[in-house]
1. Given A:LEU48, A:LEU35, A:LEU63, A:LEU70, which one is in contact with a Lys or Arg (Cβ under 9 Å, 6 or more places away or on another chain) and not acidic (Asp, Glu)?
2. Of all residues being over 32 Å from the mean Cα position of the chain (by Cα) and charged (D, E, K, R) in the range A:11-48, which is modelled with the highest pLDDT? Just the residue, please.
3. Considering only residues of the range B:124-171 that are polar (S, T, N, Q) and out of contact with any Lys or Arg (no Cβ under 6 Å at 6 or more places or on another chain), which is farthest from A:HIS30 (Cα to Cα)?
4. Working carefully through the options B:ALA148, B:ALA81, B:ALA160, find the one that is buried (at least 18 other Cβ atoms within 10 Å of the Cβ), modelled with pLDDT of 85 or more, among the hydrophobic types (A, V, I, L, M, F, W, C) and part of a helix (DSSP H, G or I).
5. Go through the range B:56-71 and give me each residue that's closer than 13 Å to B:ILE28 by Cβ and touching a residue at least 12 places away in the same chain (Cβ under 8 Å).
6. Looking only at residues in the range B:38-51 that are within 7 Å of chain A (Cβ to nearest Cβ) and over 17 Å from A:VAL43 (Cβ atoms), which one is surrounded by the fewest Cβ atoms within 10 Å (Cβ to Cβ)?
7. Got a sec? Which of A:ILE26, A:ILE97 is under 28 Å from B:PHE57 (Cα atoms) and either assigned to a helix (DSSP H, G or I) or more than 8 Å from chain B (Cβ to nearest Cβ) (or both)?
8. For residues that are within 21 Å of the chain's Cα centre (by Cα), in a helix (DSSP H, G or I) and surrounded by 11 or more Cβ atoms within 10 Å (Cβ to Cβ), tally how many sit in the range A:49-59.
Amino acid sequence: MPASSSASITSLTMNPENQEAKAWAILRSHGAAQLAPGFPDRVLRESLARAAAAPSLFGQFALSVATAALCFLAVAIFDARTSSAATETNQADWQQIASASDNLSQAQ
Amino acid sequence: MDPSSTAALVDLIHRAQRGEESAQREIIISYQRRIAGFIYAMTGRSDSVEDIAQQVFIKMIRALGRLQAPSQFEPWLFRLARNTCIDHLRRQKLRRIFLPFGPEHENVPEPPGAVDTEELDALRHALDHLRPQDRALLALVQEGRSHAEIASTLKTSIAAVKARLHRAREQLREHYQPDHES
């Protein structure tokens with residue numbers, strides 16, 4: 001009997017739980033077979049390379065300080081511009097009010 | 001090394017935590033097949049197994065020093081693998097949103113010869129319908145982990161594990177149809 005027919009007869013007579021368990025076993029061994037030989041050495045090499053390429057603590061701290069300084073500068077510039085625009089608008093409004101009140105007092 | 005022997009495993013972990021490369025290599029050799037099988041169950045893609053497995057073990061080496069209880073190594077390692085797989089699947093989902101791929105690229109078929117049996121194909125198809133979190137749960141059960149160990153891996157209660165496992169199994173059975181039944 002050909003192997004494929006024998007396999008299909010086996011799968012027909014097997015109960016669903018057994019069939020599922022068999023499928024899980026195949027799935028796990030299929031996954032395991034995807035690792036090429038020398039996998040542990042590749043992992044260790046890559047891990048060492050990444051550790052060497054990783055920025056130092058001082059570098060990370062300097063980057064954080066620079067980022068915070070830039071953000072602070074941007075907020076300060078934005079705040080200065082907004083408040084000077086608001087001051088100009090307020091001054092113009094007050095001048096209008098002052099001249100209106102001058103006109104009123106002259107009229108009286 | 002027999003990873004099931006707790007004392008030997010704890011000793012191995014201590015050596016690896018001290019930075020002994022031979023101990024780190026031994027851990028990778030002991031767990032690589034199980035982790036690869038777990039990753040394949042989570043992602044369903046043969047071509048990403050090695051990349052993700054590499055990421056998992058690199059993370060393991062870097063974070064090993066922070067593992068306080070070496071006896072909890074296995075649940076910790078599988079949690080690392082689960083989280084790495086979930087991150088990978090999330091990134092893939094985002095990439096599909098932002099890259100102008102057509103629908104024909106959404107499910108690129110496995111390379112020829114990658115799926116070799118009807119049972120495996122049916123199981124992969126069924127797993128595809130589950131959330132990655134539920135796939136992880138089922139894969140951990142297949143790893144022979146107890147409910148308590150799974151609860152420790154997923155940082156949840158045993159009751160929650162039982163309930164989620166029940167739901168995941170129901171869903172899997174709903175979609176698991178080997179060819180002769182369909």
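The values are calculated or read from the model by the stated rules, or taken from the named source; none is laboratory data. This one's a predicted model, so the numbers in the text were calculated from it and none came from an experiment. Please note: Cβ atoms are built from the backbone with ideal geometry, for glycine as well, and neighbour counts cover all protein chains shown.
1. Matching residue, one of A:LEU48, A:LEU35, A:LEU63, A:LEU70: A:LEU35.
2. Among those residues, the one meeting the criterion is A:LYS22.
3. Here the answer is B:SER157.
4. That would be B:ALA81, the only listed residue that is buried (at least 18 other Cβ atoms within 10 Å of the Cβ), modelled with pLDDT of 85 or more, among the hydrophobic types (A, V, I, L, M, F, W, C) and part of a helix (DSSP H, G or I).
5. Restricting attention to the range B:56-71, the residues satisfying the condition of being closer than 13 Å to B:ILE28 by Cβ are B:56-61, B:64.
If the condition is that a residue be closer than 13 Å to B:ILE28 by Cβ and touching a residue at least 12 places away in the same chain (Cβ under 8 Å), then B:VAL56, B:PHE57, B:LYS59, B:MET60, B:ILE61, B:LEU64 are the ones that fit.
6. Looking at the filtered set, the residue picked out is B:SER46.
7. Working: A:ILE97 fails: under 28 Å from B:PHE57 (Cα atoms).
When all the criteria are applied, what remains is A:ILE26.
8. 1
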